[in-house]
Amino acid sequence: MIRMQQFTYRYSEMARPALEGINLVIEPGECIGLLGSNGAGKTTLCYAIMGLIPHFFQGDLTGEVRVNNQPVAKMDLAAMSRQVGMVLQNAANQLSGTKMTVEEEIAFGLENFAIAQEEMRERVDWALEILGIAGIRKRNPYQLSGGQLQRVAIASVLVLKPQILLLDEPTSQLDPKGTEEVYQVLRQLRKEGITILLAEHKVEMLAQCCTRLIVLNEGKIMADASPHAVLGHPSLPDWGVEAPVFTQAYQAVVQPHHGEKVPITLRETIERLNQYEQAYRG
Amino acid sequence: MNTPSLYREQNTFFHKRMDPLSKLLLVCCLFIDAFVVPTLPGACLLALLTVGLLYLARELGRAVKILAGCALLLISIFLIQGLFYQNNQTVLLQVGPLSFYREGISYALKISLRVITMIAAGSLLVLTTSPTDLLEACVRRGVSPRLAYMLAAILQIIPLMMRNAAKIQEAQEARGMAVRGSLSTRFRAFLPLLTPLILSSFVNIQERSMALEVRGFSLGGPRTFYRSEPVYKGMLPVRFVLIGSTLGILCWRLFG
Ligand SMILES: Nc1ncnc2c1ncn2[C@@H]1O[C@H](COP(=O)(O)OP(=O)(O)O)[C@@H](O)[C@H]1O
Ligand SMILES: [Mg+2]
């Protein structure tokens, strides 16, 4: 469980806080989408939960972050990494740079934690399997496609078996096929009961996959509710976020009254438009 | 995109049957020998020996390219020593107002041979050893992972820069800059490359070190290894010969 209380943080060389007055509780097994324009504070929020703030970044901090009821500020980063895994925005930077094959790259964290070789092999096999990359285990990690690289990066974090996984724009450099590959993995991880926090611009994907959405704007939480409530909210554009195109199309055609539950996925939209058409004809 | 490493898999004694630490020892011995061997024929022999080893490792071609990259250093040694060596007496060559002396040139030859030996020896290690193997071998022997990682990172700087240079050069070419052709065109194209090259090499360091942190890299204490250590046979005598011959040369220099 993650709990943030009145959390405010300012990077030392910045004038304004990157996060301000954040209150947040995330229960085990939730899959949460984090929305917001560039500079809204999504990455910073991930850093705070991971403990990179305050262990890696200096700055002014008030309030508290707790993971599994322990204050992050008092734990060391290595110990944190067995509870929380973070996949950085640029997957290439996640590589250790010392391994010549995918499987060794994935095992890097386990080596650091001195996991016995036998267990290490089992866990690497598990991670390869769950990410669907067993076929490339002997390949050079620097010769992979974007989607493959991203999945290797996720595997390299997942192999430490964290209960919580933070992903910072995991598909920002991927084409639609690579994006779909990553989301398939995320759906699988949800089934495994892993708590997921996902910073992402592709609202269509979040609408399909998340149980809850949080909107950040200029370091503050603007909304924290179900995908339907957030994506149908009239102030969404003011927070620098666009609703899925389906939702926008529905709103333009049907002009729903205030507070009506709008469709947020393609399937829902087709259903609702059919209903609408029938009602109109009848 | 390739792993930033000059290592290339091949099937020679140096690639397959000599363990990384013995290779490291070989390089150290060649470095020491290069420094203590006093005479010009000795230095020449040592350089030939090293080049011979590179030939046996089938990496002479790429090593020559690395040596060519150091040509500027070698040329400047000849210029400086040929003109200004303190024991210069006999004029060998007169170019306008400049006199090149025999003593300086022969001294420069000796230094150059030393430099060539050292660069060739270093190339032998880097070209025939996977950085992972070298790093793991060191960490297994108790070298701190942090130190080993730093050394590996240094070995990767050159190939990383080469890779980035190629990428940036492509981009510049696409924007219509002349980057190929005569030596002077190439040199003029190289200068504007330097800034983006150095910047791009350093810009990701923070993120990369963060990624290492969250994978437990800075954890002290023992480590395990995913791969079992490869077994190399018959390396003990090789190490003995290497250490013995170097000690021999040292003694000969000190007491002979
Ligand atoms: N390493 C850093 N040092 C200083 N300021 C930073 C750093 N990273 C982000 N910021 C600042 O913090 C704010 C939030 O940034 P960030 O969390 O990266 O937003 P997002 O991930 O939503 O794009 C921005 O104003 C940004 O300029
Ligand atoms: Mg970000």
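The values are calculated or read from the model by the stated rules, or taken from the named source; none is laboratory data. None of these values were measured; they are calculated from a predicted model. Because the Cβ atoms are built from the backbone with ideal geometry, glycine has one as well, and the counts that use them run over all protein chains shown. Please note that ligands, DNA and RNA were not included when accessible areas were found on the heavy atoms of the full protein model with its side chains. Shrake-Rupley method; radii C 1.70, N 1.55, O 1.52, S 1.80 Å.
If you go through the range B:40-72 one residue at a time, how many are open to solvent by 90 Å² or more (accessible area, probe 1.4 Å) and closer than 30 Å to B:Q10 by Cβ?
Going through the range B:40-72 one residue at a time, the tally reaches 8.
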Flag for A:G219 being within 15 Å of ligand 1 (Cβ to nearest atom) and in contact with a helix residue (DSSP H, G or I) (Cβ under 9 Å, 6 or more places away or on another chain): yes
Contacts under 6 angstrom Cβ, first residue in the range A:126-139 being farther than 19 Å from A:Q188 by Cα, partner outside any helix (DSSP H, G or I), 6 or more apart: A:K138/A:T101
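Please enumerate the residues belonging to the range B:200-254 that are part of a helix (DSSP H, G or I) and aromatic (F, W, Y).
Residues satisfying the conditions are B:F202, B:F240, B:W252.
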Residue in the range A:94-113 that is within 24 Å of B:D133 (Cβ to Cβ), among the β-branched types (V, I, T) and outside any helix (DSSP H, G or I) present: yes
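Conditions tested, residue by residue: (1) in contact (Cβ under 8 Å) with a residue 12 or more places away in the chain; (2) assigned to a helix (DSSP H, G or I); (3) in contact with a helix residue (DSSP H, G or I) (Cβ under 8 Å, 6 or more places away or on another chain).
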{"site": "B:K16", "(1), (2), (3)": "no, yes, no"}
{"site": "B:L24", "(1), (2), (3)": "yes, yes, yes"}
{"site": "B:I32", "(1), (2), (3)": "yes, yes, yes"}
{"site": "B:P38", "(1), (2), (3)": "yes, no, yes"}
{"site": "B:G42", "(1), (2), (3)": "no, yes, no"}
{"site": "B:T50", "(1), (2), (3)": "yes, yes, yes"}
{"site": "B:R58", "(1), (2), (3)": "yes, no, no"}
Condition check for A:L35: within 16 Å of ligand 1 (Cβ to nearest atom), open to solvent by less than 10 Å² (accessible area, probe 1.4 Å) and facing another protein chain (nearest Cβ under 7 Å): no
Unmet criterion (only one of (1) farther than 19 Å from A:E200 by Cβ; (2) in a helix (DSSP H, G or I)) for A:H228: (1)
Condition check for A:A40: hydrophobic (A, V, I, L, M, F, W, C) and within 16 Å of ligand 2 (Cβ to nearest atom): yes
Residue satisfying all of: in the range A:77-89; open to solvent by less than 10 Å² (accessible area, probe 1.4 Å) and facing chain B (nearest Cβ under 7 Å); farthest from A:G147 (Cα to Cα) among these: A:A78
Unmet criterion (only one of (1) assigned to a helix (DSSP H, G or I); (2) touching a Gly at 6+ places or on another chain (Cβ under 8 Å); (3) away from ligand 2 (no atom under 16 Å from the Cβ)) for A:I53: (3)
A:I136 vs. criteria more than 16 Å from ligand 2 (Cβ to nearest atom), away from chain B (no Cβ under 14 Å) and in contact with a helix residue (DSSP H, G or I) (Cβ under 9 Å, 6 or more places away or on another chain): yes
Whichever residue in the range B:73-100 is among the small types (G, A, S) and loosely packed, with under 12 Cβ neighbours inside 10 Å and, among such residues, is nearest to B:A120 (Cα to Cα): B:S76
Residue within the range A:194-207 that is hydroxyl-bearing (S, T, Y) and buried (at least 17 other Cβ atoms within 10 Å of the Cβ) present: yes
Answer residue from the range A:1-16, given it is within 16 Å of ligand 2 (Cβ to nearest atom) and open to solvent by less than 100 Å² (accessible area, probe 1.4 Å) and is nearest to the other protein chains (Cβ to nearest Cβ) among those: A:Y11
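Just one of A:A92, A:A114, A:A134, A:A73 is under 20 Å from B:R208 (Cα atoms), more than 16 Å from ligand 1 (Cβ to nearest atom) and open to solvent by 30 Å² or more (accessible area, probe 1.4 Å); which is it?
After ruling out the rest, the residue left standing is A:A92.
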Members of the range A:179-225 found to be part of a helix (DSSP H, G or I) and basic (K, R), listed by number: A:R187, A:R190, A:K191
Output for the range A:43-64, where each listed residue is within 14 Å of ligand 1 (Cβ to nearest atom), open to solvent by 10 Å² or more (accessible area, probe 1.4 Å) and more than 14 Å from chain B (Cβ to nearest Cβ): A:G59, A:D60, A:L61
Only one of A:V254, A:V245 that is among the β-branched types (V, I, T), open to solvent by 80 Å² or more (accessible area, probe 1.4 Å) and at negative phi: A:V245
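Results for (1) touching a strand residue (DSSP E or B) at 6+ places or on another chain (Cβ under 7 Å); (2) away from ligand 2 (no atom under 16 Å from the Cβ); (3) aromatic (F, W, Y), shown as yes or no for each residue.
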position: A:C46; (1), (2), (3): yes, no, no
position: A:L61; (1), (2), (3): yes, yes, no
position: A:V67; (1), (2), (3): yes, yes, no
position: A:D76; (1), (2), (3): no, yes, no
position: A:A79; (1), (2), (3): no, yes, no
position: A:Q83; (1), (2), (3): yes, yes, no
Residues of the range A:173-200 classified as without any contact (Cβ under 8 Å) to a residue 40 or more places away in the chain and not aliphatic (A, V, I, L, M), total: 9
Any hit, the range A:141-161, residues being out of contact with any strand residue (DSSP E or B) (no Cβ under 8 Å at 6 or more places or on another chain), away from ligand 2 (no atom under 16 Å from the Cβ) and basic (K, R): yes
Test: residue in the range A:186-202 that is under 28 Å from A:E111 (Cα atoms) and within 16 Å of ligand 2 (Cβ to nearest atom): yes
